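Data block below; observations after.
FYI, it's all coordinate maths here, none of it is from the lab. Quick caveat: nothing in here was measured; it's all calculated off a predicted structure. Neighbour counts are summed over all protein chains in view; Cβ atoms, including those assigned to glycine, are modelled from backbone coordinates with ideal geometry.
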């Protein structure tokens with residue numbers, strides 16, 4: 001049976017949800033034996049189905065093995081083994097953190113998936129009492145929620161976050177890591193001092209801005225293409241105790257964006273600024289606030305009715321310690337007085353810092369209890385220049401997304417000055433750009449507007465509109481199927497991206513699920 005037939009059968013088996021053990025390690029001459037490797041950890045060849053799934057739940061490609069490393073040397077040994085075999089082997093290697101990729105990016109069809117969460121090391125907190133250079137040394141497979149809990153023991157916390165903390169360090173740093181704090185501190189990749197990386201040649205390299213700086217900047221936002229992040233030094237700051245958490249509504253998009261842009265441009269502002277869109281909802285909006293807002297909140301706001309207009313929610317947070325409560329209340333009142341929201345929709349809640357940062361996990365638990373977590377998530381995340389955001393809103397919110405989506409639509413601005421243009425991330429060129437994220441969840445077996453097919457068609461219409469209208473949009477967590485599409489995505493940065501690939505992973509061993517490079521293409525070293 002030739003390789004083409006084997007590959008076709010595997011795809012058929014996966015797509016029809018039939019569980020099959022295909023031991024290509026033994027049956028194919030192109031697949032080298034991994035049994036000879038001396039490791040601290042171990043391979044799993046039999047139960048690999050979990051590594052063919054991710055949060056997107058749309059792509060399911062079986063690997064031949066899953067490596068559970070106990071040391072960085074295990075990962076290096078695996079990659080060095082594949083490197084030494086050369087291009088005649090089809091074997092590739094993908095790092096998998098908590099499995100939250102959306103379109104198979106952490107999968108390795110007929111390759112090896114590295115379970116990064118097996119690479120557990122203690123979280124080392126280094127406190128500098130005389131300056132502001134405190135940091136945490138953490139494993140690339142560590143979850144951000146664990147870093148939060150450990151650093152809080154020292155009164156510290158990382159500066160920049162994602163909205164969801166049950167993600168691994170290596171996973172978010174390979175993309176960017178953004179949320180409503182990014183306008184102040186930049187993405188997570190702007191708050192890293194040092195990395196340990198295993199390259200596509202199996203070399204273990206320590207890198208920073210001063211040491212192996214090209215690899216350091218390349219790996220940050222590099223989509224896993226140049227190395228696997230096995231260790232990171234994360235910058236910390238003093239952690240607040242409490243958060244004043246605010247939500248207000250707008251019916252006018254111009255006022256909404258003007259206020260967002262105002263808040264991210266002034267000095268003494270909120271610590272967190274995000275927003276989301278509520279489309280074509282009628283009647284009481286009694287669930288627009290969030291699970292955490294108290295029943296004691298104003299009755300008038302909880303009774304707010306929508307007549308079907310598209311509404312825009314501005315979400316704000318101000319961090320503080322209890323001894324500064326009165327001062328913070330005054331600052332919040334002053335800031336709110338500068339905004340043009342609908343007065344009757346003001347909600348204010350006070351929560352702990354941990355409860356605020358880990359807010360999405362509560363929603364996750366609710367969805368899991370209803371078996372609505374492990375379903376397809378056809379998300380798209382777009383970075384849109386400020387000058388084009390109104391054109392985008394008219395075309396998309398006005399004509400394409402005409403009904404409430406089965407999931408939130410986030411929209412908020414960030415400052416480009418907080419992003420390091422030496423990293424691999426591609427953003428719009430303007431000083432301010434918006435993240436717009438369609439975080440939809442498809443109801444299994446549905447053929448309606450909440451079904452996967454409808455959402456994929458809608459996503460394509462959104463992307464086609466952006467291209468036709470020449471909005472200069474860049475995808476965040478990008479996904480393309482052809483190299484020319486990737487070349488268009490990177491634009492003038494493509495040549496540098498290819499040069500880094502040829503230097504650090506010339507056989508295209510790493511991160512095959514991104515579908516940027518094909519294994520076997522050899523780049524000059």
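A few remarks follow.
- Alpha-carbon centroid distance for the pair the stretch 365-397 / the stretch 424-468, whole angstrom: 6 Å
- Residue order, fewest to most beta carbons within 10 Å, for 83, 161: 83, 161
- The long axis of helix 3-15 is offset from the longest Cα principal axis of the chain by roughly 30 degrees.
- Among 433, 465, 320, the ranking by other beta carbons within 10 Å of each residue's beta carbon, starting with the fewest, stands as 465, 320, 433.
- Matching the structure-derived Rg/Rh (Cα atoms, Kirkwood Rh) against the labelled list [x] 1.00; [y] 0.97; [z] 1.05 gives the label [y].
- Fraction of beta bridges assigned by DSSP in the stretch 124-238 that are antiparallel (%, nearest 5): 100 percent
- Relative to the longest principal axis of the Cα atoms of the chain, the long axis of helix 359-369 lies at roughly 70 degrees.
- Three-way shape label, the stretch 378-525, alpha-carbon gyration tensor, a/c 1.5: oblate
- Over the stretch 122-234, relative contact order from alpha-carbon pairs under 8 Å, at least 6 apart, %: 26 percent
- Rounded tilt (10° steps) of 494-504 against the dominant C-alpha axis of the chain: 50 degrees
- Cα shape, the stretch 124-238, gyration tensor, a/c 1.5 rule: prolate
- Cα centroid of the stretch 69-139 to Cα centroid of the stretch 220-234, whole Å: 8 Å
- In the chain, Cα pairs under 8 Å separated by at least six residues give a relative contact order of 16 percent.
- Beta bridges assigned by DSSP with both partners in the chain are antiparallel in approximately 90 percent of cases.
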